[in-house]
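K.L.:
Attaching a single structure in structure tokens format; questions to follow.
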Protein chains: 2
Amino acid sequence: MVDDHERDMVEEQADNSHDTAAASDFSSVKFDSRGLVPCVVQEWTTGEVLMLAYMNEESLRKTLETGTTWFFSRSRDELWNKGGTSGHFQKVRELRFDCDGDTLLAIVEQTGAACHTGDFTCFDGRWLSSPAGEQPPFLARREG
Amino acid sequence: MVDDHERDMVEEQADNSHDTAAASDFSSVKFDSRGLVPCVVQEWTTGEVLMLAYMNEESLRKTLETGTTWFFSRSRDELWNKGGTSGHFQKVRELRFDCDGDTLLAIVEQTGAACHTGDFTCFDGRWLSSPAGEQPPFLARREG
């Protein structure tokens with residue numbers, strides 16, 4: 001296991017014996033039976049979770065090549081570049097995978113709003129539990 | 001659309017005409033053909049994305065009833081209470097759904113570590129892109 005303190009070392013030594021995959025090596029990623037893997041998108045500055053979308057191998061490759069997020073739309077059955085229509089691109093600062101290799105985490109700089117409704121995140125104001133009545137500390141710090 | 005500034009109002013007026021679902025009303029949530037919905041779990045204090053897991057209707061109900069996260073294990077085909085074995089419970093502070101109703105976001109206070117490997121998050125040290133070389137600002141603030 002590689003922790004944050006070893007990042008520099010890993011960057012120099014990157015090979016398959018570490019948990020860092022080369023840009024073109026997706027062997028750490030487990031695509032499901034549809035060839036998809038869910039990708040959590042988080043904002044680089046604020047820490048807000050913006051959205052969840054799905055990548056196939058081609059969209060993952062395009063994301064790494066272009067530095068902006070590409071997903072596979074299950075409803076439209078096509079690749080899409082987030083922001084390609086709206087201009088609300090997501091510049092990828094980090095792309096990670098989880099311990100099982102079946103989820104990705106993209107930490108991005110969001111231009112404009114992430115949600116097609118115009119909300120900054122796709123989770124804004126949609127509650128299953130009662131609102132907590134206070135903001136999470138990581139957000140409160142942003143405003144402090 | 002309801003934004004953060006209207007939370008208090010929503011709490012008082014909660015009904016189906018708003019985007020706040022009552023605790024037992026899951027009509028806003030779209031379970032997939034397997035009866036599952038992905039749930040992103042984020043840490044309340046630090047903002048770190050801890051893990052992604054899946055909920056069915058029963059695990060969602062138990063999460064709201066107990067205030068700790070319950071998921072459905074696709075590999076073990078059973079409900080599990082995160083922390084039930086390890087003691088590393090996740091106390092739910094917020095539970096949200098997204099604009100399409102097909103993803104949940106639980107913001108939790110994590111006891112111990114979220115990952116079965118002992119890492120705090122399931123994404124620690126696992127990179128598809130080169131590490132950014134700096135921490136996201138929301139994390140840097142935590143340590144500042």
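K.L.:
Of all residues in the range A:125-139 being of a type outside the set (Phe, Trp, Tyr) and not in a loop (DSSP other than H, G, I, E, B), which is nearest to B:Thr63 (Cα to Cα)?
P.N.:
Across the range A:125-139, the extreme among qualifying residues is A:Pro137.
K.L.:
Name the single residue that is least open to solvent (accessible area, probe 1.4 Å) among those in the range B:33-49 being more than 10 Å from chain A (Cβ to nearest Cβ) and out of contact with any strand residue (DSSP E or B) (no Cβ under 7 Å at 6 or more places or on another chain).
P.N.:
B:Gly35
K.L.:
Does B:His18 satisfy the criteria of being within 10 Å of another protein chain (Cβ to nearest Cβ), over 27 Å from A:Arg74 (Cβ atoms) and either at pLDDT 95 or above or outside any loop (DSSP other than H, G, I, E, B) (or both)?
P.N.:
no
K.L.:
Still on this structure, please answer the following. Report yes if B:Thr69 is more than 7 Å from every other protein chain (Cβ to nearest Cβ), β-branched (Val, Ile, Thr) and touching a helix residue (DSSP H, G or I) at 6+ places or on another chain (Cβ under 8 Å), otherwise no. If you could, list the steps in order and put the result at the bottom.
P.N.:
Values: more than 7 Å from every other protein chain (Cβ to nearest Cβ): yes; β-branched (Val, Ile, Thr): yes; touching a helix residue (DSSP H, G or I) at 6+ places or on another chain (Cβ under 8 Å): yes.
Spelling it out, B:Thr69 is indeed more than 7 Å from every other protein chain (Cβ to nearest Cβ), β-branched (Val, Ile, Thr) and touching a helix residue (DSSP H, G or I) at 6+ places or on another chain (Cβ under 8 Å).
K.L.:
Go through the range A:131-141 and count every residue that is of a type in the set (A, V, I, L, M) and at the interface with chain B (Cβ under 8 Å from one of its Cβ atoms).
P.N.:
The qualifying residues number 2.
K.L.:
Go through the range A:51-65 and count every residue that is aliphatic (A, V, I, L, M) and over 15 Å from A:Arg96 (Cβ atoms).
P.N.:
2
K.L.:
Give the residues of the range B:77-111 that are open to solvent by less than 50 Å² (accessible area, probe 1.4 Å) and of a type in the set (Asp, Glu), sorted by residue number.
P.N.:
B:Glu94, B:Asp98, B:Asp102, listed by residue number.
K.L.:
If I filter the range B:76-96 for residues that are modelled with pLDDT of 95 or more and touching a Leu at 6+ places or on another chain (Cβ under 6 Å), do I get at least one hit?
P.N.:
Scanning the range B:76-96 turns up at least one residue that is modelled with pLDDT of 95 or more and touching a Leu at 6+ places or on another chain (Cβ under 6 Å).
K.L.:
Now a separate question. Tally up the residues in the range B:78-113 that are without any contact (Cβ under 8 Å) to a residue 40 or more places away in the chain, within 7 Å of another protein chain (Cβ to nearest Cβ) and either farther than 19 Å from B:Glu58 by Cα or polar (S, T, N, Q) (or both), please.
P.N.:
Matching residues across the range B:78-113 total 2.
K.L.:
Among the residues of the range A:52-65, is there at least one that is at pLDDT 95 or above, open to solvent by 10 Å² or more (accessible area, probe 1.4 Å), under 27 Å from B:Val29 (Cβ atoms) and within 7 Å of chain B (Cβ to nearest Cβ)?
P.N.:
Yes, because at least one residue in the range A:52-65 is at pLDDT 95 or above, open to solvent by 10 Å² or more (accessible area, probe 1.4 Å), under 27 Å from B:Val29 (Cβ atoms) and within 7 Å of chain B (Cβ to nearest Cβ).
K.L.:
Checking A:Lys91 against (1) in a loop (DSSP other than H, G, I, E, B); (2) touching an Asp or Glu at 6+ places or on another chain (Cβ under 6 Å): exactly one of these is not met. Which one?
P.N.:
Result: A:Lys91 passes all but (1).
K.L.:
Which residue pairs have Cβ atoms closer than 7 Å, lie 6 or more positions apart in sequence or on different chains, and pair a first residue in the range A:42-62 that is more than 23 Å from B:Pro137 (Cβ to Cβ) with a second residue that is open to solvent by 10 Å² or more (accessible area, probe 1.4 Å) and of a type in the set (Gly, Ala, Ser)?
P.N.:
Every condition considered, the pairs that remain are A:Asn56/A:Gly35; A:Glu57/A:Gly35.
K.L.:
Within the range B:117-130, work out how many residues are facing another protein chain (nearest Cβ under 7 Å), surrounded by fewer than 19 Cβ atoms within 10 Å (Cβ to Cβ) and farther than 17 Å from A:Val29 by Cβ.
P.N.:
1
The values are calculated or read from the model by the stated rules, or taken from the named source; none is laboratory data. This one's a predicted model, so the numbers in the text were calculated from it and none came from an experiment. Virtual Cβ from ideal backbone geometry, glycine too; neighbours counted across all protein chains shown. Calculation scope for accessible area: heavy atoms of the full protein, side chains included, ligands and nucleic acids excluded. Shrake-Rupley method; radii C 1.70, N 1.55, O 1.52, S 1.80 Å.
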